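The values are calculated or read from the model by the stated rules, or taken from the named source; none is laboratory data. Please read all numbers here as calculations on a predicted model, not as lab measurements. Heads up, the Cβs are rebuilt from the backbone with ideal geometry, glycines too, and the neighbour counts pull from every protein chain shown. SASA here: full protein model, heavy atoms, side chains in, ligands and nucleic acids out. Shrake-Rupley method; radii C 1.70, N 1.55, O 1.52, S 1.80 Å.
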Amino acid sequence: MALAREIVLAVGDILKDETLVDNGLIDVAMTTEYSWHGALLCLAELSRRGMLYAQALRQIVPWVVRGLTYEIQRGDYSVGSNVRDAACYVMWSLARIPNPSSKRVFAEMSVEMATTLISVAVFDRESNVRRAASAAFQEHVGRQSAFPHGISVLQLADFFSVGIMRNAFVVTSRKIAE
């Protein structure tokens, strides 16, 4: 476990080194998507294997939530769908942590995590990211039961309803807002 703690600290440093944090807002304009992608995948694998401790969750969840909306303009195109997909994988794997102290941390951060996951599941332009966010939301609702209105929102934003962009943007988003 000591090695896992060192790895989490090193990954956190990777995310922090390139990023500007101002009044709690994380600005990723000067970052590279490759370092964020790799860092998030590392966190997901550590989480999936149950090697993240509760204190680390308090430090990394805000970075993962920011990764869910990661997008950078590069000339006339934007990059970041790989980072958003990796962040969804982290969120999915975080839901599978059986540790009771981790559940308390998730309860503290559940509203921010839930709203960001549903926003991505409904409004991301990439169908694979929308579906991954929906799967992560479903995993949290099923395993943690900490998301507000989880079951009712999940019934509206399931894997199939968010798969088609027009359906997700127009129909599903309106139903969730009601």
Along the dipole axis of the chain (charges at Cβ: +1 for Lys and Arg, -1 for Asp and Glu; origin at the Cα centre), the most positive-end residue among Ala95, Ile7, Ser81 is Ala95
In the stretch 1-85, what chymotrypsin sites (Phe, Trp or Tyr not before Pro) fall in a loop by DSSP, with at most 13 other Cβ atoms inside 10 Å? none
Candidate cut points under GluC sites (Glu not before Pro) in the stretch 62-125, DSSP loop plus at most 16 other Cβ atoms within 10 Å of their own Cβ, are Glu71
So, for the stretch 104-178, what is the accessible surface per residue at a probe of 1.4 Å, expressed in square angstrom? 53 Å²
Which FRET efficiency value, to the nearest 0.05, is calculated for Arg49 and Asn128 with the Förster distance at 25 angstrom and r the Cβ-Cβ distance? 0.60
The correct ranking of Met51, Met91 by accessible area at 1.4 Å, largest first, is Met51, Met91
When the accessible area of the chain is split by element with a 1.4 Å probe, what percent falls to carbon and sulfur? 56 percent
In sequence order, what are the phi-derived ³J(HN,Hα) couplings for the stretch 10-18 according to the Karplus relation 6.51 cos²θ - 1.76 cosθ + 1.60 with θ = phi - 60°, rounded to whole Hz, with x for glycine and proline? 5, 5, x, 5, 4, 5, 6, 4, 8
Which value in nm describes the separation of the simple spin-label points at Ala29 and Ala107, placed 7 Å from the Cα toward the beta carbon? 4.0 nm
What nm distance separates the two modelled labels at Asp76 and His149, each placed 7 Å from Cα along Cα→Cβ? 4.1 nm
What is the dipole size for the stretch 1-129, taken about its Cα centre, with +1 at each Lys and Arg Cβ and -1 at each Asp and Glu Cβ, in debye to the nearest 20? 620 debye
Can you give the accessible area per residue of the stretch 1-92, in Å², using a 1.4 Å probe? 51 Å²
Expressed as a rounded percentage, what relative contact order does the chain have, with Cα pairs under 8 Å and six or more residues apart? 18 percent
